[in-house]
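Working notes, structure below.
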Amino acid sequence: MKLVVMHLTGNYAVAWAVKLSRVKVVSAYPITPQTTIVEKISEFIESGMMDAKIVRVESEHSALATVFGAASSGVRAFTATSSHGLMYMYEMVWWSAGARVPIVMAIVTRTIGAPWNIWSDHSDFMSQRDTGWLMIFAEHNQEVLDSVIQLFRITEDPRVYLPGMIALDAFILSHTTEPVDVPDQSLVDSFLPSRRQPYTFKSGDPITMGNLPSNPRDNMKMRWDVHESLVAAKKVIMEVDREWGELTGRSYGGLIECYRCSDAKYFIIGVGAWVGDMREAVDMLRSEGYEVGLIKLRFVRPFPAEELAEVVRGGKGAIVFDRSVSAGSAGPLYLDTVAHLGALNVGVPVKNVIAGIAGVDVTYNDIAGVVRSFIEEIESKGVVSNYVEWYFG
Amino acid sequence: MSEISHILPLSKPKEGISKTGTWRLKKPVIDHSKCVKCLMCWLHCPESTIDVVESSEKFVEVNYEFCKGCGVCANVCPVKAISMVPEG
């Protein structure tokens, strides 16, 4: 296989993946730090490198409504947003999941106001976790490109038929240049079949989508089907990631990726760009003799509960890093983790560290320090005293 | 293709049960001699109550059982062939 390495920001990696996936309609509404994704796509279209229509809309609500309409009529469609833009889209996020229309959207994760803030945290993305979308987080720009292409394949699989969103951290990935292998068009064509979706709007054959169901039980069954299809998507995710690995030499473990876990007793759990710092922290702690490993959750929805439990079972503790908080409770990743580990009888203490909110910088030294104290406390006292800790650095 | 079939929120449109024509205060009346067959009324009617009939006397007609009398058709007609006449 021939590698074509380009130097791409995370946002440009998204744009290249959208181009390679032969997307036909893109809606664009500017919001920092997402803007350069749709700008780059617009350049591709203008220069004749990409055969697609770009629709400039008047709001993010319309941005997703436009993509939803285009996708309903039978083409691949894409948009991107961040923070307040995603908040403004929220109604359409639910609507497109309920309508079972495969769509891919990129979320460049950014703090939500007040006060105004453009730096990365995961509040915007994590606030979408009940909607019924597939939700994938990227660690680096190569994974951004690969995951966008994979997501088109997964969302359009007949076992799934749901929209999907991919998150990449503001600036840390979106505006940072990394070497990225950009696969051949023919390789992507062989990986992505032609568009599949559960129904298509055609002018000669009118159908209504979303009318009031005469029986609410039918409505409940539709919501159940969204949930079941997300759970069923786990198998599809594993297959797709394996196949991508065979084609490109790159796979990401499907739902979760483990780093130095095989003999670990303590596990760091996280998502997003700072997983890279967590790898450094693991190496540092390992060199000090701590038996620690890292579990990167690639998918937040479907939540990889059994996969996580299988790794953590038999360990001595786990520490979940959240870059957002469900205010008044705890970090959302932590809440999912403890609920499922508890129900699956994985009896280990689990601690939550809430850090990096509002773009506060968190280094591998910070992570190693928090993990070190956590391990020391369990080793000496056997319990976690402060199970939801806010770490300000 | 897979055997999977999902539960989808789809329906086939059919004629409504409630006759919304009784809501009407003004009724659109088409002067067919002025009609230029542009289909603007057909396209704009929010209730799809304008049918294309293409007979020798008329090109389109209004289904008064469902027309609510909103007046959009009269408004968009480029040759002012539709007038809104008060009911009863």
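Where a number appears in this text, it was derived from the coordinates with a stated rule and is not lab data. Predicted model only: the values in this text are computed from it and were never measured. When we count neighbours, we look across all protein chains shown, and the Cβ atoms used for this are built from the backbone with ideal geometry, even at glycine.
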Report summary line: If one compares the long axis through the Cα atoms of helix A:364-381 with the longest principal axis of the Cα atoms of chain A, the angle in degrees, nearest 10, works out at 50
Report summary line: Surrounding charge for residue A:44, neighbours by C-beta under 11 angstrom, Lys/Arg +1, Asp/Glu -1, total -2
Query raised in the report: According to the square roots a ≥ b ≥ c of the eigenvalues of the Cα gyration tensor, what is the shape class of region A:39-93, taking rounded for a/c under 1.5, prolate for a/b larger than b/c otherwise, and oblate for the remainder?
Result: oblate
**Report entry** Partner aspartates and glutamates for residue B:14 [C-alpha distance under 19 Å; skip if fewer than 8 residues away on the same chain]
**Finding:** A:205, B:47, B:51, B:61, B:65
Query - Whichever lysines have a C-alpha closer than 23 Å to that of residue A:19, once near sequence neighbours (fewer than 8 apart) are set aside - result: A:2, A:40, A:53
Query raised in the report: Gaussian network model of chain A, Cα springs within a sub-10 Å range: biggest mean-square fluctuation belongs to which of A:234, A:19, A:221?
Result: A:221
Query raised in the report: What's the tally of Lys pairs in region B:20-86 whose alpha-carbon atoms lie under 13 angstrom apart, where the two lysines are 8 or more places apart or on different chains?
Result: 6
Query raised in the report: What's the average, rounded to a whole number, of partner chain beta-carbon atoms within 10 Å of each residue's beta-carbon in A:156-162?
Result: 3
Query raised in the report: Top mean-square fluctuation among B:57, B:65, B:47, Gaussian network model of chain B, C-alpha springs under 10 Å?
Result: B:57
Report summary line: Between the alpha carbon centres of region B:23-60 and region A:205-270 the gap in Å comes to 50
Query raised in the report: For residue B:84, what charge total do you get from the other residues with a beta carbon under 9 Å from its beta carbon, if Lys and Arg give +1 and Asp and Glu give -1?
Result: +2
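Could you please report the charge total around residue A:54, scoring K, R as +1 and D, E as -1 over all other residues with beta-carbon less than 15 angstrom from its beta-carbon?
Numbers: positive: A:19, A:22, A:24, A:40, A:53, A:56, A:76; negative: A:39, A:43, A:46, A:51, A:58.
Cβ neighbours under 15 Å give a net charge of +2.
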Query raised in the report: Say we join alpha carbon atoms closer than 10 Å with springs in a Gaussian network model of chain A; which of A:213, A:102, A:332 then has the biggest fluctuation?
Result: A:213
Query raised in the report: Hey, rough spin-label estimate for residue B:44 and residue A:345, points 7 angstrom out along Cα→Cβ, what's it come to in nanometres?
Result: 7.0
Query - region A:68-143 versus region A:285-307: alpha-carbon centroid distance in Å - result: 25
Report summary line: With Cα coordinates, the longest principal axis of chain A makes an angle with the long axis of helix A:35-46, in degrees rounded to 10, of 30
Query raised in the report: So if we plug the beta-carbon distance of residue B:18 and residue A:235 into 1/(1 + (r/R0)^6) with R0 = 41 Å, what FRET efficiency do we get, rounded to 0.05?
Result: 0.30
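Could you list, in their original order, any pairs among A:234/A:265; A:202/A:235; A:235/B:12 whose Cα atoms are separated by more than 29 Å? Spell out each step's value before the answer.
On the way: A:234/A:265 26 Å; A:202/A:235 32 Å; A:235/B:12 33 Å.
Over 29 Å apart, Cα to Cα: A:202/A:235; A:235/B:12.
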Query raised in the report: In chain A, what % of DSSP beta bridges are antiparallel (nearest 5)?
Result: 25
Query raised in the report: Stokes-Einstein at 20 °C, 1.002 mPa s, Kirkwood radius from Cα pairs: D for region A:5-248 in µm² s⁻¹?
Result: 119
Query raised in the report: To the nearest 500 deg cm²/dmol, what mean residue ellipticity at 222 nm is calculated for chain A from DSSP H runs of n ≥ 4 alone, each contributing -39,500 (n - 2.57), summed and divided by the residues?
Result: -13000 deg cm²/dmol
Report task. Measure nothing but the geometry: give the 0 to 90° angle between the long axis through the Cα atoms of A:141-155 and the longest principal axis through the Cα atoms of chain A, rounded to 10°. Result -> 60
Report summary line: Packing-ranked peptide list from B:12-25, A:317-330, A:276-289, highest mean Cβ count within 10 angstrom first, is A:317-330, A:276-289, B:12-25
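Using the beta-carbon distance between residue A:207 and residue A:242 and R0 = 51 Å, what value does 1/(1 + (r/R0)^6) give for FRET efficiency, to the nearest 0.05?
Working: r = 36 Å, r/R0 = 0.71.
With R0 = 51 Å, the Cβ-Cβ based efficiency is 0.90.
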Query - Expected-Rg normalisation [2.2 N^0.38 Å, Cα atoms] applied to the protein assembly as shown - result: 1.16
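Divide, for region B:20-86, the radius of gyration over alpha carbons by 2.2 N^0.38 Å, where N is the residue count.
Details: Rg = 10.8 Å, N = 67, 2.2 N^0.38 = 10.9 Å.
Region B:20-86 yields a ratio of 0.99.
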**Report entry** Global form of region A:256-390, assessed from the alpha-carbon gyration tensor, a/c cut-off 1.5
**Finding:** rounded
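Would you work out the relative contact order for chain A, in percent, from Cα pairs under 8 angstrom that are 6 or more residues apart?
Here the relative contact order equals 16 percent.
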